[in-house]
Amino acid sequence: MVEIVTLTAPRPTGRRPQEIRVDGVAISRADIAREAQNHAAADPAAAWQAAAHALVVRQLLLAEADRLGIAAVPEEDDEDRRETEEEAVIRALLEEEVKVPTADEDTCRRYFARNPALFRTGDLYEVAHILIAADPTDAGARQAARDQAEALLTGLLSGAVAFETTAREVSACPSREVGGSLGQIGRGQTVPEFEAALAAMEPGALHPVPVETRYGFHIVRLAHRVEGRALPFEMVREAIAGHLELSSWHAAMRQYVSLLIGRADIRGISMEGASSPLVQ
């Protein structure tokens, strides 16, 4: 299956065009409405514009394949999904017209050297917390939860109360049953605000202020951190090559579509294109 890459995100205009034509070929409102179901967007107008944009690009590609006499037999992917006739033709066109270089060893090693943070295992944290829950849309409840969390944290920092006991008594998280313990957690297993707090903490310490998330306010204790380790180049070489080649393909595809737009007579929607093959 071939992904059709659009040049830039279309700008919603707040209105739907009465008619779109690409070199005289009409794209119907019904087709756009059906396509809009495939585009997640903030509102219906944005979904409509994205769908119209995608259908214009599809028509440009199909017309170019017809001009070049390109045909193809539909294929199936690993999940037994079969291409449509149009998808097969577009795939064959792009295979013929959009070429990208293979990422060689030196290029991959340079990317590896420049992005060391991308190629290491994540840190592991042994952590416990006490959650004072509050609805994110209720300002009064949020302030009350903040005040309660700050008061509890003051008591914990002074040693007047025990963390596990307090967690069992007041935490809104199911972890209260085990004294607030979350066990070991890694990158991506919790919300970004919580992760950022853990990354800044020293083992054995309480976070100096309650950590705010959409769930409420957390009193956080970090028991232990296991540092991530750097991965060897040999382990990630294929992933780097795949990333670089995919990035190159997307750039080449955008340029190719830009040239097709620049040559076409498109009416009813604004499309950014280029008239010169030297466009970058």
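The values are calculated or read from the model by the stated rules, or taken from the named source; none is laboratory data. Please read all numbers here as calculations on a predicted model, not as lab measurements. Please note: Cβ atoms are built from the backbone with ideal geometry, for glycine as well, and neighbour counts cover all protein chains shown. Heavy atoms of the whole protein, side chains included, go into the accessibility calculation; ligands, DNA and RNA do not. Shrake-Rupley method; radii C 1.70, N 1.55, O 1.52, S 1.80 Å.
List of remarks:
- Lone qualifier among GLU96, GLU87 - being under 21 Å from TYR256 (Cβ atoms) and open to solvent by 100 Å² or more (accessible area, probe 1.4 Å): GLU96
- Tabulated pairs, region 66-77, first over 20 Å from ASP23 (Cβ atoms), second open to solvent by less than 100 Å² (accessible area, probe 1.4 Å), C-beta under 6 angstrom, 6+ apart or interchain: ALA72/ALA88; ALA72/VAL89; ALA72/ALA92; PRO74/GLU83; PRO74/ALA88; GLU75/GLU83
- Boolean, THR121 is closer than 30 Å to ALA230 by Cβ, among the polar types (S, T, N, Q) and at pLDDT 95 or above: no
- Residue-level analysis places THR107 among those that are β-branched (Val, Ile, Thr), open to solvent by 20 Å² or more (accessible area, probe 1.4 Å), in a helix (DSSP H, G or I) and under 30 Å from ARG254 (Cβ atoms).
- For THR190, the conditions (1) at pLDDT 95 or above; (2) under 28 Å from the mean Cα position of the chain (by Cα); (3) of a type outside the set (D, E, K, R) are fulfilled apart from (1).
- Single residue of region 136-174 satisfying the filter (touching a residue at least 12 places away in the same chain (Cβ under 8 Å) and not in a helix (DSSP H, G or I)) that is surrounded by the most Cβ atoms within 10 Å (Cβ to Cβ): SER171
- Yes/no for LEU131 being assigned to a helix (DSSP H, G or I) and either at pLDDT below 95 or within 23 Å of PRO203 (Cβ to Cβ) (or both): no
- Considering region 183-236, and only residues there that are among the hydroxyl-bearing types (Ser, Thr, Tyr) and without any contact (Cβ under 8 Å) to a residue 24 or more places away in the chain, the residue that is least open to solvent (accessible area, probe 1.4 Å) turns out to be THR213.
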